[in-house]
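Asker: Supplied in structure tokens, the structure appears directly below.
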Amino acid sequence: MNVLLGAVRRAVDRNPAAAHAALDRAQDAAEQALSELRAVARGILPPVLADRGLAGALAGLASSCGVPCEMTVDVPGRCAASVEATAYFVVAEGLSNVTKHSGAASAVVEVSRKDDRLLLRIADDGRGGADERRGSGLTGIRRRIEAYDGRFTLDSPAGGPTTMRVGLPCGS
Ligand SMILES: Nc1ncnc2c1ncn2[C@@H]1O[C@H](COP(=O)(O)OP(=O)(O)OP(=O)(O)O)[C@@H](O)[C@H]1O
Ligand SMILES: [Mg+2]
């Protein structure tokens, strides 16, 4: 990107067409770099999961939420590391959306295990209107959950409230 931006700078006065072409390529490079970074970030198992387990890691997310967040985690035993990491990222994105977009007074996170499925519910009492088409966070959640044969539903009518539900096979 830096090289391409340098080319833009050199060409901008004397050859605007070449500057435009280099800008297009710089934009493509930025998009590719972002998607690679996202893939890397999603592949990393947060060390906090290994250190503190799922309940401890999620408690850390609740305490950094921008609104009071009541969390219950009732998950006997451990799930596959990749499943716990997915749950962690879902709650992280859900609570960051609550903080950024919801205008809510409070949030609730419930995590439980039913047979071989890990169930998550993330809810807020804010303004609603969450829309997967307007960002990459929710789409990323859906893709990741579907990659693990899980289920993702989002209920967020205009005026609120917003509830996100996830079911994930726990894995071996
Ligand atoms: N809890 C919520 N309450 C109200 N609106 C929400 C909530 N969550 C998401 N939204 C709306 O849905 C849109 C899409 O959310 P999404 O997480 O996909 O993208 P984002 O948060 O804007 O950006 P990012 O790619 O950083 O996650 C948001 O821009 C916001 O308008
Ligand atoms: Mg988001």
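Asker: Near the amide H of Val73, under 5 Å away, which other amide H atoms are found, from residues 5 or more places off or on another chain, if H is placed in the peptide plane?
Answerer: Amide H to amide H, under 5 Å and 5 or more residues apart or across chains, Val73 pairs with Val111.
Asker: State which helices in the chain qualify, where a helix is a whole DSSP H run, it must extend 30 Å or more along its own axis by its Cα atoms, and its mean Kyte-Doolittle hydropathy must be at least -1.0. Spell out each step's value before the answer.
Answerer: Numbers: long enough: 16-43 (40 Å, -0.18).
Helix filter hits for the chain: 16-43.
Asker: Would you mind telling me the antiparallel percentage of the DSSP bridges in the chain, rounded to 5?
Answerer: Details: 21 of 27 bridges.
So the antiparallel bridges amount to about 80 percent of the total.
Asker: Expressed as a whole percentage, what fraction of the accessible surface of the chain belongs to carbon and sulfur atoms when a 1.4 Å probe is rolled over the protein heavy atoms?
Answerer: Values: 5230 of 9930 Å².
For the chain, the apolar C and S fraction of the accessible surface comes to 53 percent.
Asker: Next question. P(r) of the range 47-169 in 5 Å steps, Cα pairs, percent per bin?
Answerer: Each 5 Å bin holds this share of Cα pairs: 2, 12, 24, 25, 21, 12, 4, 1.
Asker: Please give the calculated 222 nm ellipticity per residue for the chain, where each DSSP H segment of at least 4 residues contributes -39500 (n - 2.57) and the sum is spread over every residue; nearest 500 deg cm²/dmol?
Answerer: Details: 5 runs with 83 residues, N = 172.
When only DSSP H runs of four or more count, the value is -16000 deg cm²/dmol.
Asker: Per residue, how much accessible area does the chain show when a 1.4 Å probe rolls over the protein heavy atoms, in square angstrom?
Answerer: Numbers: 9930 Å² over 172 residues.
Here the residues of the chain average 58 Å² of exposed surface.
Asker: Taking H placed 1.01 Å from N in the peptide plane, check which residues at least 5 places from Gly66 or on another chain put their amide H under 5 Å from its amide H.
Answerer: Under 5 Å from the amide H of Gly66 lie the amide H atoms of Thr99, each far enough along the sequence or on another chain.
Asker: Give the distance, in whole Å, between the Cα centre of the range 101-125 and the Cα centre of the range 1-48.
Answerer: Result: 36 Å between the Cα centres.
The values are calculated or read from the model by the stated rules, or taken from the named source; none is laboratory data. Small disclaimer: the values here were computed from a predicted structure and weren't measured. These accessible areas exclude ligands, DNA and RNA; they are computed on the full protein's heavy atoms, side chains included. Shrake-Rupley method; radii C 1.70, N 1.55, O 1.52, S 1.80 Å.
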